[in-house]
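The values are calculated or read from the model by the stated rules, or taken from the named source; none is laboratory data. This one's a predicted model, so the numbers in the text were calculated from it and none came from an experiment. Positions of Cβ are generated from backbone atoms using ideal geometry, with glycine treated the same way; all protein chains shown enter the neighbour counts. These area figures cover heavy atoms from the full protein model, side chains too; ligands, DNA and RNA do not enter into them. Shrake-Rupley method; radii C 1.70, N 1.55, O 1.52, S 1.80 Å.
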Amino acid sequence: MDNHDQLRSDLLSRIADADLGRLEELRVEALGRKGAISEMMRGLGALPGDQRKDAGQALNALKTEIASAIDARHAMLSSAGLEARLATETIDITLPSRPHADGRIHPISQTIDEMVAIFCEMGFRVAEGPHIEDDFHNFTALNIPPEHPARQDHDTFYLTETEDGARPVLRTHTSPVQVRTMQTSEPPIRIVVPGRTFRADHDATHSPMFHQIEGLVVDENTHMGHLKGCLTEFWRAFFGMDDLPVRFRPSFFPFTEPSAEVDIGCSREGGGLKIGGSDWLEILGCGMIHPRVLENCGIDSSRYQGFAFGLGIERAAMLKYGIPDLRTFYESDLRWLKHYGFPALAQPTIAGGLTP
Ligand code: PHE
């Protein structure tokens, strides 16, 4: 048993000195299939029967002792390592933020943040949905039947047909998120949906990918007066003009009845376009949700009603920030971003002022 004691004290002292890498080597050296302890186990067969049992037990005890010494050392080294790393990685959260951060917030992100800040203040929450939609959510549930001309108006990007014959579409508006939200939640519902939309259209004023924000309110007593008040307040807050003229003009959408388009006051004097004034600029579509849409989404239209609206983010950003060309939004030109972008650390809020 001298051998045994020798091996034990030798291994224990080497474990006590080992670093993490050396510890793994020691594990193999002591406990591996070709390791020292296994070697001694194999030697047991040569011993006389009465000694074999005691020697076997002693070896097993040694094996357990070495394994737990290795585990203990391993735990100690890794927690010491973690402590040391944490100590080098502390940050002083009382330091002022970097005043000269170079990155800028893109005007589209900024405009979305501003709009969301206004609507959240009014009690809306943000919802999102997939860019790749199916026919039901993008069209059918919204009361746009298969042969309806609105499907062509939307210049839809269709994807390759799937095995079951369905044709996925890149959503042509954010309205399918109305459907998804009504299908999965109980009224009262108050959501806004900022996000990307896609239409096969490309010129100075149209991009195949653009952004909309959708609004949806469903409750028992929601009426057209709420719709008018909500959107009038919204535009006045967005443009920072308490007396901005806002008017509602009858229009048509398959998913709302009655439907309206909203114009805001502007002036075109001297060739430029200015917000505020006695001329009109069309800026948004809206209406009371068609009862058939409510029913398509599993909502009882004899009990609930509501309104919806959808507007283009790029256009609102161009008007507010004087950006003349739609295409520049997507060119990732750093000089443009520096000029039209916003400071990275100034989050728009109602109380703090929307625009830094
Ligand atoms: N989905 C419409 C569009 O993209 C906008 C809209 C939304 C109109 C909700 C009415 C109600 O043009």
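Here are some notes:
- H148 accessible area, 1.4 Å probe, all protein chains in place, Å² to nearest 10: 40
- For the chain, the equivalent ellipsoid derived from the alpha-carbon gyration tensor has semi-axes of 68, 29, 20 Å in decreasing order.
- Where R180, R52 fall by accessible area, highest first, once all protein chains stay in place (1.4 Å): R52, R180
- Rg/Rg_globular for segment 2-88, with Rg_globular taken as 2.2 N^0.38 Å and Rg from C-alpha atoms: 1.31
- Expected 222 nm ellipticity per residue - DSSP helices of 4 or more, -39500 (n - 2.57), all of the chain, to 500: -13000 deg cm²/dmol
- Label-to-label distance, nm, for residues given as E121 and D300 (7 Å Cα→Cβ offset): 3.7
- Mean projected area in nm² (Cα convex hull; one quarter of hull surface) for segment 310-352: 4.1
- Applying 1/(1 + (r/R0)^6) with r as the Cβ-Cβ distance of K53 and T88 and R0 = 56 angstrom yields a FRET efficiency of 0.55.
- Membrane-span-like helices in the chain (whole DSSP H runs, Cα extent of at least 15 Å along the helix axis, mean Kyte-Doolittle hydropathy of at least -0.5): 20-31, 49-88, 107-121, 224-239.
- Per residue, the chain exposes an accessible area of 55 Å² to a 1.4 Å probe, with every protein chain left in place.
- In this rough spin-label picture, where each label sits 7 Å from Cα along the Cβ direction, the K34-A80 distance is 3.1 nm.
- Solvent accessible area, Å² - K228, 1.4 Å probe, full protein context: 90
- When Rg and Dmax are taken over the Cα atoms of segment 213-310, they come to 15.2, 52 Å.
- Mean projected area of the convex hull spanned by the Cα atoms of segment 61-161, taken over all viewing directions: 17.7 nm².
- Percent accessible area from carbon and sulfur atoms, segment 2-88, protein chains only, probe 1.4 Å: 55
- Lysines with Cα under 30 Å of K228, excluding same-chain neighbours fewer than 8 positions away: K274, K320
- When the Cα gyration tensor is reduced to axis lengths a ≥ b ≥ c, the ratio a/c is 1.5 or higher for segment 120-265, and with a/b above b/c it is classed as prolate.
- Percent carbon-and-sulfur accessible area, segment 107-346, ignoring ligands, DNA and RNA, probe 1.4 Å: 51
- Only protein heavy atoms count here; under a 1.4 Å probe, E29 has an accessible surface of about 80 Å².
- Length gained on full extension, K338 to Q152, computed as 0.36 nm times the residue gap minus the Cα-Cα distance: 63.1 nm.
- Computed packing ranks the peptides 54-61, 249-256 as 249-256, 54-61, most packed first, by mean other Cβ atoms within 10 Å.
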